[in-house]
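These notes are about the structure you will find just below.
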Amino acid sequence: MKILVVEDDARLADMVRRTLAEAGYAVDVSHDAGSGLEAYEIDPSYDLVVLDLMLPGLEGGGMTVCRRIRALDTGVPVLMLTALDGMRTKVEGLDAGADDYVVKPFHVAELLARVRALLRRAPHAHAPVLTAQGVSLDPATRTATRGGREIPLTAKEYAVLEYLMRNAGRIVSSSELIDHAWDSNYDGFSNVVQTSVRYVRRKLTAAGEPDVIETRRGAGYLIAADA
């Protein structure tokens, strides 16, 4: 899943980016209200926006960004970061369209828990535990199992498998996987998608088991939905 972080404090933005990336999310960062809004307008495929309240670049800062995102897309979850914890500020942010608040300073564990909770409630979210072709994936614990054994996955491999399983039953193109599992620094000329899918397929398949991930040449990848 891909997250946009809009935070003008460079150190905090980098900390949030690293925290989310280590948890397996693809993360893009903007440092002011104008560039953050532009990033979302250019690529509205983000699964979540982490948005600072006090941002330079536009009158109204994060509140303005939140309202404009809501005018474009009422579904994407917005998690607002703020050093202001007054009730009036929280109410104003929620009325602007934010889904949740984290007050600075915050613990990394709390940030990740709120991100997971918002993603579970997002319009694209499916069942709490995803299942297809004998594979189970639990987004809450970020673990995958097949035939009773746990599948060890890197953060990026997990992101690839999760997106394929959320879209079980339809072909997912390489470009779509890039949009949802890689950030904007992806090198479009590399074969990183093909390599990641190959690693996931290898880890999922024990001796004698059929492949779970099908490759459709010229089209993309498919995990068949359960009947």
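The values are calculated or read from the model by the stated rules, or taken from the named source; none is laboratory data. Note that this is a predicted model, so its numbers are computed, not measured. Don't worry about glycine lacking a Cβ; one is built from the backbone with ideal geometry, like all the others, and counts go over all protein chains shown.
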Out of everything in segment 81-111 that is closer than 19 Å to Val16 by Cα and hydroxyl-bearing (Ser, Thr, Tyr), what residue ends up being farthest from the chain's Cα centre (by Cα)?
Thr82
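Working carefully through the options Asp226, Asp179, find the one that is among the acidic types (Asp, Glu) and closer than 15 Å to Leu137 by Cα. Give the steps one after another, and end with the answer.
Numbers: Asp179 fails: closer than 15 Å to Leu137 by Cα.
Going through Asp226, Asp179 in turn, the sole match is Asp226.
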For segment 154-164, state whether one or more residues are more than 28 Å from Met15 (Cα to Cα), at pLDDT 85 or above and not assigned by TED's automatic domain parsing to the domain that holds Gly61.
yes
Quick one: in segment 24-44, which of the residues that are surrounded by fewer than 19 Cβ atoms within 10 Å (Cβ to Cβ) and among the small types (Gly, Ala, Ser) is farthest from Val65 (Cα to Cα)?
Gly24
Take the conditions modelled with pLDDT of 90 or more, over 21 Å from the mean Cα position of the chain (by Cα) and either in the same structural domain as Leu153 (by TED's automatic domain parsing) or part of a helix (DSSP H, G or I) (or both) and apply them to Arg170. Does it pass?
no
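Only one residue in Thr19, Thr64 is modelled with pLDDT of 90 or more, surrounded by 15 or more Cβ atoms within 10 Å (Cβ to Cβ) and more than 20 Å from the chain's Cα centre (by Cα), so which one is that? Reasoning before the result, please.
Details: Thr19 fails: more than 20 Å from the chain's Cα centre (by Cα).
Answer to the check: Thr64.
Tell me whether segment 168-180 contains one or more residues that are crowded, with 20+ Cβ neighbours inside 10 Å and either touching a strand residue (DSSP E or B) at 6+ places or on another chain (Cβ under 6 Å) or basic (Lys, Arg) (or both). Steps first, please.
Filtering segment 168-180 for residues crowded, with 20+ Cβ neighbours inside 10 Å gives 172, 177, 180.
Filter again for either touching a strand residue (DSSP E or B) at 6+ places or on another chain (Cβ under 6 Å) or basic (Lys, Arg) (or both), leaving 172, 180.
Yes; the residues of segment 168-180 include at least one that is crowded, with 20+ Cβ neighbours inside 10 Å and either touching a strand residue (DSSP E or B) at 6+ places or on another chain (Cβ under 6 Å) or basic (Lys, Arg) (or both).
Here's the yes/no breakdown for (1) in a helix (DSSP H, G or I); (2) in contact with a helix residue (DSSP H, G or I) (Cβ under 8 Å, 6 or more places away or on another chain); (3) not hydrophobic (A, V, I, L, M, F, W, C):
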site	(1), (2), (3)
Ile3	no, yes, no
Leu20	yes, yes, no
Val29	no, yes, no
Gly36	yes, yes, yes
Leu51	no, yes, no
Leu58	no, yes, no
Ile69	yes, yes, no
By residue number, the members of segment 204-227 that are free of Cβ contacts under 8 Å to residues at least 40 places away in the same chain, part of a loop (DSSP other than H, G, I, E, B) and surrounded by 11 or more Cβ atoms within 10 Å (Cβ to Cβ) are Thr205, Asp211
